[in-house]
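Inspection log for the structure reproduced underneath, given as structure tokens.
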Amino acid sequence: MPDRTPYLAANWKMHKTTEETERFLAEFLPSVPEEGAEVVVCPPFTSLNTAVELCFQSRVRVAAQNMHEADDGAFTGEVSAPMLLELGVHGVILGHSERRQYFNETDEALARKVPVALGAGLEPILCVGENEGQRDADETEGVLTRQIEADLAEVPETRLSEVVIAYEPIWAIGTGRTATPDQAQEAIALIRGLIESRSPEGAAAIRILYGGSVKPDNAAELLSQPDVDGALVGGASLDPADFAAIVKAAA
Ligand code: PEP
């Protein structure tokens, strides 16, 4: 059994001002175990600086929620990898379903963004997942295959293990309808198989997370599945005690 360090990431979406970020971290940081799972918080752009400064003396790292693939240019409203690195940000969520759905994020754009993030030294957290209609129509395998093949097409085999993948079925995000542990395991094993067809070493080492209504009371069972290496947590990560309980469930 390969030794993959569990990975727990908090996606705050468009929540928390800098003051709220300070209050969250004041309560959350002392509750993070001294060793064990990797813990990442992903605040909105405006709170990144505050989060990096407050997490500096801790094991908790900070990731952004999006990034443009160009270093600079006429892209009003966008933020680049060098800008995130300058702040001391460690990683970046890419391809979250809300960005695909509301902001037209495409697989073509992600095929450019993932290698740019890696090349810049940012850890990409690539999100993939099917919607409810696709699951009902038995298209989950096809959707995940298309997304993984397209989004990672330009990542060299030797660097696949540096990507973190989050399997997030859209029907489970923010709905309270969590995938069953079997559904999460099955989809994540499929994704690992896709990585294995390019790199067996990469597949053994890459962390693949589950995301979708993870809560303190369902985290342990989901995280106990053999291929589930952690969780990307939305709603429950806004509460420091709830996110701390999920981090502890990974132990
Ligand atoms: C997410 O937005 O990545 C997510 C998993 O949200 P939630 O936990 O609220 O379903």
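The values are calculated or read from the model by the stated rules, or taken from the named source; none is laboratory data. Owing to the predicted nature of the structure, the values given are computational and were not obtained by experimental measurement. Cβ coordinates were reconstructed from backbone atoms using ideal geometry, including for glycine residues, and neighbour counts include every protein chain displayed.
Just wondering, is there one or more residues in region 44-53 that are closer than 24 Å to residue 96 by Cα, within 16 Å of the ligand (Cβ to nearest atom) and touching a Phe, Trp or Tyr at 6+ places or on another chain (Cβ under 8 Å)? Outline the logic, then answer.
Filtering region 44-53 down to residues closer than 24 Å to residue 96 by Cα leaves 44-52.
With the extra rule that they be within 16 Å of the ligand (Cβ to nearest atom), the set shrinks to 44.
If we keep only those that are touching a Phe, Trp or Tyr at 6+ places or on another chain (Cβ under 8 Å) too, we end up with 44.
For region 44-53, residues closer than 24 Å to residue 96 by Cα, within 16 Å of the ligand (Cβ to nearest atom) and touching a Phe, Trp or Tyr at 6+ places or on another chain (Cβ under 8 Å): present.
Quick one: would you say residue 222 is touching a helix residue (DSSP H, G or I) at 6+ places or on another chain (Cβ under 7 Å), modelled with pLDDT of 95 or more and surrounded by fewer than 23 Cβ atoms within 10 Å (Cβ to Cβ)?
Numbers: touching a helix residue (DSSP H, G or I) at 6+ places or on another chain (Cβ under 7 Å): yes; modelled with pLDDT of 95 or more: yes; surrounded by fewer than 23 Cβ atoms within 10 Å (Cβ to Cβ): no.
The answer is no for residue 222.
Go through the residues of region 133-146 one by one and say whether even a single one is in contact with a Lys or Arg (Cβ under 8 Å, 6 or more places away or on another chain) and exposed (fewer than 15 other Cβ atoms within 10 Å of the Cβ).
As a first pass, look at region 133-146 and keep what is in contact with a Lys or Arg (Cβ under 8 Å, 6 or more places away or on another chain): none.
Checking region 133-146: not a single residue is in contact with a Lys or Arg (Cβ under 8 Å, 6 or more places away or on another chain) and exposed (fewer than 15 other Cβ atoms within 10 Å of the Cβ).
Is it true that some residue in region 116-125 is within 17 Å of residue 12 (Cα to Cα) and out of contact with any Ser or Thr (no Cβ under 7 Å at 6 or more places or on another chain)?
Let us first name the residues in region 116-125 that are within 17 Å of residue 12 (Cα to Cα), namely 124-125.
So of that shortlist, the ones also out of contact with any Ser or Thr (no Cβ under 7 Å at 6 or more places or on another chain) come out as 124-125.
Within region 116-125 (the criterion being within 17 Å of residue 12 (Cα to Cα) and out of contact with any Ser or Thr (no Cβ under 7 Å at 6 or more places or on another chain)), the answer is yes, since at least one residue qualifies.
Please go through region 233-249 and pick out each residue that is within 15 Å of the ligand (Cβ to nearest atom) and closer than 13 Å to residue 37 by Cα. Lay out the reasoning, then the answer.
Of all residues in region 233-249, those within 15 Å of the ligand (Cβ to nearest atom) come to 233-239, 242-243, 245-247, 249.
Selection gives 243, 245, 246, 247, 249.
With respect to residue 105, determine if the residue is under 21 Å from residue 209 (Cα atoms), surrounded by fewer than 19 Cβ atoms within 10 Å (Cβ to Cβ), within 16 Å of the ligand (Cβ to nearest atom) and not basic (Lys, Arg). Spell out how you get there, then give the answer.
Details: under 21 Å from residue 209 (Cα atoms): yes; surrounded by fewer than 19 Cβ atoms within 10 Å (Cβ to Cβ): no; within 16 Å of the ligand (Cβ to nearest atom): yes; not basic (Lys, Arg): yes.
No; evaluated as a whole, the condition is false for this residue.
Given 227, 217, which one is closer than 14 Å to residue 249 by Cβ, touching a helix residue (DSSP H, G or I) at 6+ places or on another chain (Cβ under 9 Å) and of a type in the set (D, E, K, R)?
217
List the pairs whose first member sits in region 174-197 and is within 18 Å of residue 139 (Cβ to Cβ) and at pLDDT 95 or above, whose second member is more than 16 Å from the ligand (Cβ to nearest atom) and of a type in the set (Gly, Ala, Ser), and whose Cβ atoms are under 8 Å apart, counting only residues at least 6 apart or on separate chains?
193/203
Can you confirm whether residue 204 is in contact with a Pro (Cβ under 6 Å, 6 or more places away or on another chain), at pLDDT 95 or above and over 30 Å from residue 28 (Cβ atoms)? Don't jump to the end; show me each part of the working.
Numbers: in contact with a Pro (Cβ under 6 Å, 6 or more places away or on another chain): yes; at pLDDT 95 or above: yes; over 30 Å from residue 28 (Cβ atoms): yes.
Taking the combined requirement at face value, the residue satisfies it.
Would you point out the residue of region 136-171, among those that are small (Gly, Ala, Ser) and touching a residue at least 24 places away in the same chain (Cβ under 8 Å), that is nearest to residue 121 (Cα to Cα)?
Step one: filter region 136-171 for residues small (Gly, Ala, Ser), giving 137, 142, 150, 153, 161, 166.
Narrowing the set further to residues that are touching a residue at least 24 places away in the same chain (Cβ under 8 Å) leaves 150, 153, 161, 166.
On the way: 150: 21, 153: 18, 161: 14, 166: 19 Å.
Looking at residues that are small (Gly, Ala, Ser) and touching a residue at least 24 places away in the same chain (Cβ under 8 Å), I get 161.
Is it true that some residue in region 71-81 is surrounded by fewer than 18 Cβ atoms within 10 Å (Cβ to Cβ), within 29 Å of residue 150 (Cα to Cα) and polar (S, T, N, Q)?
yes
Can you say whether residue 36 is under 30 Å from residue 224 (Cβ atoms), touching an Asp or Glu at 6+ places or on another chain (Cβ under 9 Å) and touching a residue at least 40 places away in the same chain (Cβ under 8 Å), as far as the supplied structure shows? If you could, list the steps in order and put the result at the bottom.
On the way: under 30 Å from residue 224 (Cβ atoms): yes; touching an Asp or Glu at 6+ places or on another chain (Cβ under 9 Å): no; touching a residue at least 40 places away in the same chain (Cβ under 8 Å): yes.
Criteria not met by residue 36.
Please count how many residues of region 114-166 are on the phi > 0 side of the Ramachandran plot and not small (Gly, Ala, Ser).
The initial filter retains those residues of region 114-166 that are on the phi > 0 side of the Ramachandran plot, namely 121, 129, 138.
Then keep just the ones that are not small (Gly, Ala, Ser); that gives 138.
Adding up the residues that qualify gives 1.
For region 108-135, name all the residues that are in contact (Cβ under 8 Å) with a residue 40 or more places away in the chain, over 23 Å from residue 61 (Cβ atoms) and either basic (Lys, Arg) or within 16 Å of the ligand (Cβ to nearest atom) (or both).
Within region 108-135, 112, 129, 130, 131 qualify.
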